[in-house]
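What follows is a short report on a single structure.
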Amino acid sequence: MTPPPPPDPPPATWVPASGDRRRHPAPAHLVFFHGPMDCGKSTLALQVDHNQSRQGRSGLLLTQGDRSAAPMITSRIGMQRPAHEIDAGTDLRLVVRERWARGIRVDYLIADEAQFLTAGQVDQLAELVDESHVDVYAFGLTTDFRARLFPGTQRLLELADDVQRIQVEVLCWCGLPGLLNARVVDGAIVREGRTVLVADTAADTAVAGRKDDGSGAGGALTVRYQVLCRGHYVRGQLGPTATGPGQLALS
Ligand SMILES: [Zn+2]
């Protein structure tokens, strides 16, 4: 018996020439990193940006509702980079195309606070990956204070090529891994209300509203967030260090 002839070798032009990404697009990827508060998302976002830019690639950083006033990606360990501030009405495809029209390269996007993206904006990111071959690295919280997925997080989990739970371990006060972000209003855990209420856990407090209990007292509400293990989230136990000025002990 005669063995079948070997397959033809690929033609010499098979390997795309460098810089010829339009005719032979290199596959781009949508990667989503997620975790609870304080797990180092922004730090990792800036590290990914650093690694990419060192390879000569040009990136665009996106953020919204960052804890600093100016559009920045800031990390709690002190690193920061200017970022383009977006909101729920921003078409992310237009943000990129507008830069291309000005001759500015955008090889990759870093999207911090990605939990705040709308589902439609995540679809736009996927389109940028598939149609324009822009790599997208998104970083966001997993769940809100009700222990439900944020809308942007849900859509990213549905669409991302690669999903990674950030491995920096955040501990509950009891020492177990912290998984859930509790909203604490005047020293008590709450599980209902607006999804987005930005407070800085480093500063620990934010005046986020006025009491409207019909009493006319009108005192300022003190809101903060605390990462808890699942058991202590369910039981609403904030631990021995949860009290602050003007708060009652939980004993
Ligand atoms: Zn715990």
Exercise. Does ARG165 satisfy the criteria of being farther than 30 Å from THR222 by Cβ and either within 16 Å of the ligand (Cβ to nearest atom) or modelled with pLDDT under 95 (or both)?
Worked result: yes
Note: among THR63, THR90, just one is open to solvent by less than 70 Å² (accessible area, probe 1.4 Å) and modelled with pLDDT under 95, namely THR63
Over region 142-183, the set of residues within 18 Å of GLN64 (Cβ to Cβ) and touching an Asp or Glu at 6+ places or on another chain (Cβ under 8 Å) is PHE150, ARG155, ASN181
Output for Cβ contacts, cut-off 7 Å, separation at least six or different chains, first residue touching a residue at least 24 places away in the same chain (Cβ under 8 Å) in region 98-113, second of a type in the set (Ser, Thr, Tyr) and in a loop (DSSP other than H, G, I, E, B), reads ARG105/SER58; VAL106/SER58; ASP107/SER58
Going through (1) surrounded by fewer than 18 Cβ atoms within 10 Å (Cβ to Cβ); (2) over 25 Å from ASP161 (Cα atoms) one by one, THR74 fails only at (1)
Scanning region 38-97 for residues that are of a type in the set (Asp, Glu) and under 17 Å from the mean Cα position of the chain (by Cα) gives ASP38, ASP49, ASP66, GLU85, ASP87
With criteria (1) among the charged types (D, E, K, R); (2) closer than 22 Å to GLN154 by Cβ; (3) modelled with pLDDT of 75 or more, ASP49 comes up short on (2)
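The values are calculated or read from the model by the stated rules, or taken from the named source; none is laboratory data. Computed from a predicted model, the values in this text were never measured in an experiment. Note: ideal-geometry Cβ built from the backbone for every residue, glycine included; neighbour counts use all protein chains shown. Please note that ligands, DNA and RNA were not included when accessible areas were found on the heavy atoms of the full protein model with its side chains. Shrake-Rupley method; radii C 1.70, N 1.55, O 1.52, S 1.80 Å.
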